[in-house]
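The values are calculated or read from the model by the stated rules, or taken from the named source; none is laboratory data. Since this is a predicted model, take the numbers as computed values, not measurements. As a convention, Cβ positions derive from the backbone with ideal geometry for all residues, glycine included, and neighbour counts pool all protein chains shown. Side chains included, ligands, DNA and RNA excluded: accessible areas come from the protein's heavy atoms. Shrake-Rupley method; radii C 1.70, N 1.55, O 1.52, S 1.80 Å.
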Amino acid sequence: MTIVVTGSIAFDYLMSFPGKFTEHFLAEHMQRVSLSFLVDSMDKRRGGCAPNIAYTLALLGEKPLLMGTAGQDFSDYRQWLERAGIDTSLVQQVDSKFTASFFCSTDTEGNQIASFYTGAMAHAGELSFRTVERCELAIISPNDPGAMAQYAEECRALGIDYIYDPSQQVARISGDEIKDGISGAKIVICNDYEFEIIRQKTGMDEQAILAVAEVLVVTKGEKGSAILLGDGRIDVPAITPHRVADPTGVGDAFRGGFMKGLALGAGYEVCGRLGSVAAAYALEHLGGQSHAYTWDEFTHRYEQHFGRLFA
């Protein structure tokens with residue numbers, strides 16, 4: 001299956017705070033917050049939603065096309081992605097800007113406080129699905145808001161099945177923009193917190209979303225995921241990781257695993273299970289692209305928890 005993955009391309013600056021963020025917020029002073037957290041470690045990693053998703057797809061044997069914009073500092077990253085099996089021919093390099101950057105601090109409870117610098121991502125609207133020769137499935141993951149709206153419109157016009165994944169951009173995108181992205185999507189995916197924001201901004205509950213999209217997938221961290229369809233609901237458990245290193249990129253790994261299931265023609269329950277296994281691997285490592293496995297290793301872990309993948 002020819003899969004096009006759109007979204008942010010970024011460098012991740014991942015920091016660890018040796019305490020709980022929640023202990024430092026004062027309820028009576030929430031109208032004026034001024035806090036600084038002293039972190040005890042920092043790592044710079046290759047990241048961005050689109051490369052993270054594409055990386056999982058490549059590990060699982062697909063050859064995804066990455067579509068996005070990156071900056072003058074992207075050359076080494078491009079070479080690394082190509083070696084990992086990702087086609088970067090649709091990536092536009094903007095030499096006047098730096099690649100987008102994600103600055104994230106994680107506390108001992110897994111809570112995160114993050115900031116995102118747009119950089120070259122602001123040029124994502126200069127790309128178009130109309131220039132893509134072949135696309136059987138696309139995912140519209142967090143990106144420049146205008147580009148996300150444009151890609152959804154193009155996919156509908158061109159008859160391309162697409163997954164709408166607003167996730168981290170739900171705070172930035174308007175309710176009308178979210179509604180537009182949802183309408184006509186094959187699948188809408190977000191986590192449970194993001195879904196509540198979507199509900200508040202759009203007034204759309206599960207039934208309203210399923211009236212205009214085929215499937216709604218809501219991930220719930222260690223509680224797994226819920227796959228909602230017009231005729232029912234499938235609950236998929238999470239896989240207990242061998243260790244917890246960092247939650248950054250775990251949701252992207254889930255999406256990559258889920259999409260592998262779609263490429264195999266599997267049912268939605270199997271897609272969700274594949275997503276759970278992929279997410280566990282990512283959770284055990286720092287960053288969204290520092291883990292690795294073979295297809296045999298992956299299927300063995302799948303079958304340890306869910307039984308035979310192909311009966």
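On the basis of being surrounded by 20 or more Cβ atoms within 10 Å (Cβ to Cβ), touching a residue at least 12 places away in the same chain (Cβ under 8 Å), more than 19 Å from residue 140 (Cβ to Cβ) and within 19 Å of the chain's Cα centre (by Cα), does residue 188 make the cut?
no
Any residue in segment 64-78 that's without any contact (Cβ under 8 Å) to a residue 24 or more places away in the chain: show its pairings with residues that are of a type in the set (S, T, N, Q) and not in a loop (DSSP other than H, G, I, E, B) at Cβ separation under 8 Å, as long as the two are six or more apart or on different chains.
75/93; 78/88; 78/93
Just to verify a result, which residue in segment 135-191, among those that are in a helix (DSSP H, G or I) and among the β-branched types (Val, Ile, Thr), is modelled with the lowest pLDDT?
170
What number of residues within segment 248-276 are surrounded by fewer than 18 Cβ atoms within 10 Å (Cβ to Cβ) and either without any contact (Cβ under 8 Å) to a residue 40 or more places away in the chain or not acidic (Asp, Glu) (or both)?
Residues meeting the conditions: 4.
Test each condition in (1) open to solvent by 40 Å² or more (accessible area, probe 1.4 Å); (2) among the aromatic types (Phe, Trp, Tyr); (3) touching a residue at least 40 places away in the same chain (Cβ under 8 Å) for residue 129 and report the one that comes out false.
With respect to (1) open to solvent by 40 Å² or more (accessible area, probe 1.4 Å); (2) among the aromatic types (Phe, Trp, Tyr); (3) touching a residue at least 40 places away in the same chain (Cβ under 8 Å), residue 129 is out only on (1).
Residues that are over 18 Å from the mean Cα position of the chain (by Cα), under 19 Å from residue 249 (Cβ atoms) and open to solvent by less than 40 Å² (accessible area, probe 1.4 Å): does segment 108-116 have at least one?
Checking segment 108-116: not a single residue is over 18 Å from the mean Cα position of the chain (by Cα), under 19 Å from residue 249 (Cβ atoms) and open to solvent by less than 40 Å² (accessible area, probe 1.4 Å).
Can you tell me how many residues in segment 163-181 are farther than 16 Å from residue 255 by Cβ and either open to solvent by 30 Å² or more (accessible area, probe 1.4 Å) or of a type in the set (Val, Ile, Thr) (or both)?
Residues flagged as farther than 16 Å from residue 255 by Cβ and either open to solvent by 30 Å² or more (accessible area, probe 1.4 Å) or of a type in the set (Val, Ile, Thr) (or both) within segment 163-181 amount to 9.
Out of segment 1-59, which residues are under 16 Å from residue 260 (Cβ atoms) and either outside any helix (DSSP H, G or I) or open to solvent by 70 Å² or more (accessible area, probe 1.4 Å) (or both)?
Answer for segment 1-59, where residues must be under 16 Å from residue 260 (Cβ atoms) and either outside any helix (DSSP H, G or I) or open to solvent by 70 Å² or more (accessible area, probe 1.4 Å) (or both): 1, 2, 3, 4, 5.
For segment 20-77, which positions are more than 21 Å from residue 168 (Cα to Cα) and of a type in the set (Phe, Trp, Tyr)?
25, 37, 74, 77
Inside segment 290-311, can you point out the residues that are open to solvent by less than 10 Å² (accessible area, probe 1.4 Å) and either free of Cβ contacts under 8 Å to residues at least 60 places away in the same chain or within 18 Å of residue 244 (Cβ to Cβ) (or both)?
Listed by number, the residues that qualify are 291, 302.
For residue 95, are the conditions met, namely being surrounded by 15 or more Cβ atoms within 10 Å (Cβ to Cβ) and either modelled with pLDDT of 95 or more or over 28 Å from residue 244 (Cα atoms) (or both)?
So residue 95 fails the test.
If you go through segment 282-311 one residue at a time, how many are more than 15 Å from the chain's Cα centre (by Cα) and in a helix (DSSP H, G or I)?
Residues that pass the stated criteria total 12.
Assuming residue 286 fulfils every condition listed in (1) closer than 23 Å to residue 83 by Cα; (2) in contact with a helix residue (DSSP H, G or I) (Cβ under 9 Å, 6 or more places away or on another chain) apart from one, which condition is it?
Failing condition for residue 286: (2).
If you take the residues of segment 63-91 that are open to solvent by 10 Å² or more (accessible area, probe 1.4 Å) and touching a helix residue (DSSP H, G or I) at 6+ places or on another chain (Cβ under 6 Å), which of them is farthest from residue 4 (Cα to Cα)?
By that ranking, first place goes to 84.
Among the numbered criteria (1) closer than 30 Å to residue 158 by Cβ; (2) touching a helix residue (DSSP H, G or I) at 6+ places or on another chain (Cβ under 8 Å), which single criterion is violated by residue 47?
Residue 47 satisfies every listed condition except (2).
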